[in-house]
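Engineer: I have a structure here, written as structure tokens, and I will follow up with some questions on it.
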Amino acid sequence: MKRTVMSIVVLCVVAMLAGCQKETGAQSSNAKDDKIEIGMCFDSFVIERWERDRDVFVTTAKELGAEVNVQNANGNLETQVSQIQYFIDKQVDVIVIVAIDSGEITDVVREAKKAGIKVLAYDRLISEADVDLYISFDNERVGELMAEALAGSMDKDKPLLMMCGPTTDTNVAFVEEGFQKVMKQNGIEVADVMNAEGWKPELVYSYLSSNYQVASTIGGIMCGNDSLAGQAVRYLSERRLAGTIPVVGQDADLDACQRIVEGVQLMTVYKPVEKLAKAAAEYAVMLAKSEEIGTTDTISDNKYEVPYIKLEPIAVTAENMDEVIIDSGFHLGEDVYLNIPDEENTELEQN
């Protein structure tokens with residue numbers, strides 16, 4: 001009798017434990033299902049700023065309880081398409097894309113949308129894809145800031161050169177539009193426009209070297225980003241013209257900030273990428289939760305009106321370098337002024 005009772009007790013305990021394990025397992029499964037998964041596709045990390053964007057986005061998303069799978073296409077369109085397809089197959093909640101070619105990834109983005117996956121176009125708009133959100137800086141304003149700086153510094157009787165990014169990047173057209181508008185207002189002629197495929201900076205140096213007859217008559221050079229500007233300054237430096245012909249760029253790369261305080265690059269456009277990446281991560285989580293974004297701004301992707309979050313860029317020169325770049329912590333002062341002799345040390349050496 002005692003053995004029978006004990007057996008019944010043991011069986012009850014085992015059943016209770018099994019039930020607990022089953023319930024715990026179910027809770028774990030539900031917790032896993034509730035986890036927000038974000039796929040993030042980058043063009044490449046050739047441009048200095050993208051690693052900053054990635055780090056801030058991932059950190060912010062994790063703080064909000066989301067997991068981020070980052071993929072780098074290394075500038076290869078087919079690779080980026082396959083990475084987006086991988087995220088579709090994985091059934092992530094949101095895909096965030098820095099597009100290599102804004103037109104060539106349209107089909108796979110539409111496929112993601114059909115699969116019920118939200119798509120956020122990061123910094124570069126995707127054509128005719130009806131993405132759920134586009135977040136970037138006001139790129140037309142970027143062009144205006146570049147033009148205003150050049151117009152205030154160059155010989156207006158001379159033409160200028162535009163060394164732009166690839167036409168596959170939708171931002172390039174917006175920047176050019178803003179730039180050309182201000183140039184026309186100031187009556188400054190554009191001698192030529194070159195588009196650097198894949199944002200390859202060496203193409204700027206190659207162009208200037210091959211078109212030296214044009215380059216020798218210009219009054220200024222507009223460059224699509226600071227990497228391109230670096231090659232323009234290199235070309236001018238080899239001809240002892242650096243600092244005499246103003247050069248502008250964008251992204252506030254460290255070497256560009258160094259060139260500005262050295263006096264060989266006129267200005268750069270600072271886009272607080274930490275602010276952009278943080279906001280994008282927050283909006284991506286909101287999209288995953290089907291929450292209202294709350295923006296009334298839209299932008300045309302050539303077929304649809306897409307919800308648009310735009311941030312303001314800032315012109316940076318030697319005059320406001322400390323206030324905008326150093327005080328914000330974007331770059332350290334000791335790094336920006338690395339090539340500038342310390343005044344106290346210079347005075348000691350002179351004495």
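Engineer: From the residues in region 34-53 that are within 15 Å of THR79 (Cβ to Cβ) and in a loop (DSSP other than H, G, I, E, B), which one is modelled with the lowest pLDDT?
Structural biologist: Among those residues, the one meeting the criterion is VAL46.
Engineer: For region 193-214, which positions are modelled with pLDDT of 95 or more, surrounded by fewer than 16 Cβ atoms within 10 Å (Cβ to Cβ) and within 16 Å of GLY75 (Cα to Cα)?
Structural biologist: Listed by number, the list holds a single entry, GLU202.
Engineer: Moving on to the next point. Looking at MET162, is it among the aliphatic types (A, V, I, L, M) and open to solvent by 10 Å² or more (accessible area, probe 1.4 Å)?
Structural biologist: Here the answer is no, as MET162 does not meet what is asked.
Engineer: Restricting to region 308-341, and then to whatever is over 22 Å from the mean Cα position of the chain (by Cα) and among the polar types (S, T, N, Q), can you tell me which residue is surrounded by the most Cβ atoms within 10 Å (Cβ to Cβ)?
Structural biologist: So the residue we want is ASN320.
Engineer: Considering only region 61-74, state which residues are crowded, with 17+ Cβ neighbours inside 10 Å, of a type outside the set (A, V, I, L, M) and closer than 26 Å to ALA256 by Cβ.
Structural biologist: ASN72
Engineer: For SER82, indicate whether it is modelled with pLDDT of 95 or more, open to solvent by 50 Å² or more (accessible area, probe 1.4 Å) and among the small types (Gly, Ala, Ser).
Structural biologist: Details: modelled with pLDDT of 95 or more: yes; open to solvent by 50 Å² or more (accessible area, probe 1.4 Å): yes; among the small types (Gly, Ala, Ser): yes.
Yes: the conditions hold for SER82.
Engineer: For residues in region 241-254 being open to solvent by 10 Å² or more (accessible area, probe 1.4 Å) and not polar (S, T, N, Q), which is farthest from THR317 (Cα to Cα)?
Structural biologist: Only one residue tops the list, namely LEU241.
Engineer: Turning to a different aspect of this structure: Could you identify the single residue in VAL92, VAL58, VAL108, VAL68 that is within 26 Å of PHE174 (Cβ to Cβ) and β-branched (Val, Ile, Thr)?
Structural biologist: Just a single option satisfies the conditions, and that option is VAL108.
Engineer: Given the options VAL182, VAL190, name the one that is farther than 30 Å from ASN76 by Cβ, hydrophobic (A, V, I, L, M, F, W, C) and under 26 Å from the mean Cα position of the chain (by Cα). Talk me through it step by step, then tell me what you get.
Structural biologist: Numbers: VAL190 fails: under 26 Å from the mean Cα position of the chain (by Cα).
The match here is VAL182.
Engineer: I've got another one for you. Since GLU305 meets every condition but one in (1) at pLDDT 95 or above; (2) open to solvent by less than 60 Å² (accessible area, probe 1.4 Å); (3) under 24 Å from ASP93 (Cβ atoms), which condition does it not meet?
Structural biologist: (2)
Engineer: Output yes when any residue across region 125-142 is in contact with a helix residue (DSSP H, G or I) (Cβ under 9 Å, 6 or more places away or on another chain) and under 28 Å from SER237 (Cα atoms), and no when none is.
Structural biologist: yes
Engineer: Among the residues of region 85-103, how many are farther than 17 Å from ALA115 by Cβ, surrounded by 23 or more Cβ atoms within 10 Å (Cβ to Cβ) and β-branched (Val, Ile, Thr)?
Structural biologist: Residues flagged as farther than 17 Å from ALA115 by Cβ, surrounded by 23 or more Cβ atoms within 10 Å (Cβ to Cβ) and β-branched (Val, Ile, Thr) within region 85-103 amount to 1.
Engineer: For region 215-240, give me the residue count where each residue is out of contact with any Leu (no Cβ under 7 Å at 6 or more places or on another chain) and either in contact (Cβ under 8 Å) with a residue 24 or more places away in the chain or surrounded by 16 or more Cβ atoms within 10 Å (Cβ to Cβ) (or both).
Structural biologist: Of the residues in region 215-240, 14 are out of contact with any Leu (no Cβ under 7 Å at 6 or more places or on another chain) and either in contact (Cβ under 8 Å) with a residue 24 or more places away in the chain or surrounded by 16 or more Cβ atoms within 10 Å (Cβ to Cβ) (or both).
Engineer: Does region 112-120 contain any residue that is open to solvent by less than 20 Å² (accessible area, probe 1.4 Å) and touching a residue at least 60 places away in the same chain (Cβ under 8 Å)?
Structural biologist: yes
Engineer: Tell me, which strands (runs of 3 or more DSSP E) wholly within region 77-196 include 2 or more residues that are closer than 25 Å to LYS289 by Cα? Please lay out each step first, then the result.
Structural biologist: Working: elements: 94-97, 118-122, 133-137, 160-164, 190-195.
Strands (runs of 3 or more DSSP E) meeting the threshold: 94-97, 118-122, 133-137.
The values are calculated or read from the model by the stated rules, or taken from the named source; none is laboratory data. Since we're looking at a predicted model, the values are computed, not measured. Neighbour counts are summed over all protein chains in view; Cβ atoms, including those assigned to glycine, are modelled from backbone coordinates with ideal geometry. We work out accessible area using only protein heavy atoms, side chains counted, and drop any ligands, DNA or RNA first. Shrake-Rupley method; radii C 1.70, N 1.55, O 1.52, S 1.80 Å.
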